[in-house]
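Trainee: Please read through the structure below; I'll follow up with questions.
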Amino acid sequence: MIEGYFTRIEDGNEVLIEHVALPESPKGYKTLFNIFIKITNPEDEKFSKLKEALILAVEYNDSACYVGSRFVDGWYELYFYARDSKGLNTTASDILKESGYAYESGVVKDPKWNFYYKSLEPKPLELIDLQSKQIIAMLENEGDNIEESREVEHYLFFSTPSQKERFIKELETNETFSFLDEIENDSFENGIAVVTNHNVTFNEVQKITHTLYDLVSKEHGFYEGWSTTLCCED
């Protein structure tokens, strides 16, 4: 499960959304519980500790599961799905009342998780961006110079052989990407690896991956991710 933060524009506002791993069996969590906290800096250490304490308290004894957060217009929004709404507002208030932050909380029935799928779940391109950020962070931790151009492999999968063959033929006219090899995974037999040269800064990777996503979507295929080798500084 890919976790992390991505941004989305809603009604002209930039929203920072946190994607977290969900429980394996979320059945029974039918009530949406939210906590809104007025803050200026979501990376503040004091707030980070407060957020951790809130999640632990609300999730106590599996009474609820944390499903992510949103930061927009100065409000940090934490979201949970709960088995029972009883006592949730009190639990949050007990932790927040001495914090010095303005806050509010509430509950609403949402048995089909409509809010999660609309406002928290990453869309395909957002999930690709999350994956890219994760890979880039790993490269940087290994000392990679991400501004250095190098060969990068990208992986694409298709439902049928004919979709794959049409895409390979289309690549013959593309000056950016070159066919590398046919591949498969546990879900799809019809896959290919393509290669291109670029640096692995997030802006550049985002441009390349979004372009490939658009191209493969025309053949009803799927963009699966990318990989590269380390390019270390001297």
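Trainee: Which value in Å is the Kirkwood Rh of the chain over different Cα pairs?
Mentor: Hydrodynamic radius (Kirkwood, Cα pairs) of the chain is 20.3 Å.
Trainee: For the stretch 78-119, which trypsin sites (Lys or Arg not before Pro) are in a loop by DSSP, counting at most 12 other Cβ atoms within 10 Å?
Mentor: When the trypsin sites (Lys or Arg not before Pro) of the stretch 78-119 are filtered for loop state and at most 12 Cβ neighbours within 10 Å, 86, 97, 112 remain.
Trainee: To make sure I understand, if each residue's beta carbon is the centre and we count other beta carbons within 10 Å, what order do 189, 3, 172 fall in, fewest to most?
Mentor: 172, 3, 189
Trainee: Could you pull out the chymotrypsin sites (Phe, Trp or Tyr not before Pro) across the stretch 158-232 that fall in loop regions by DSSP (anything but H, G, I, E, B) with no more than 12 other Cβ atoms inside 10 Å?
Mentor: none
Trainee: Mind jotting down a quarter of the surface of the convex hull over the alpha carbons of the stretch 124-228, in square nanometres, one decimal?
Mentor: Taking the Cα atoms of the stretch 124-228, their convex hull projects to 6.3 nm² on average.
Trainee: Still on this structure, please answer the following. Output the direction-averaged projected area (hull surface divided by four) of the convex hull of the alpha-carbon atoms of the stretch 60-174, in nm².
Mentor: For the stretch 60-174, averaging the hull's shadow over all directions gives 13.5 nm².
Trainee: Grab the DSSP H runs of the chain that are 4 residues or longer, score each as -39,500 (n - 2.57), total them, divide by all residues and round the 222 nm result to the nearest 500 deg cm²/dmol.
Mentor: -10000 deg cm²/dmol
Trainee: May I ask for the angle, rounded to the nearest 10°, between helix 202-217 and the longest principal axis of the chain, with both axes built from Cα atoms and the value confined to 0 to 90°?
Mentor: Helix 202-217 sits roughly 70 degrees off the main axis of the chain.
FYI, it's all coordinate maths here, none of it is from the lab. Note that the coordinates shown come from a computational prediction; the quantities given were computed from them, not determined experimentally. Glycine gets a Cβ as well: all are built from the backbone with ideal geometry, and neighbour counts include every protein chain shown.
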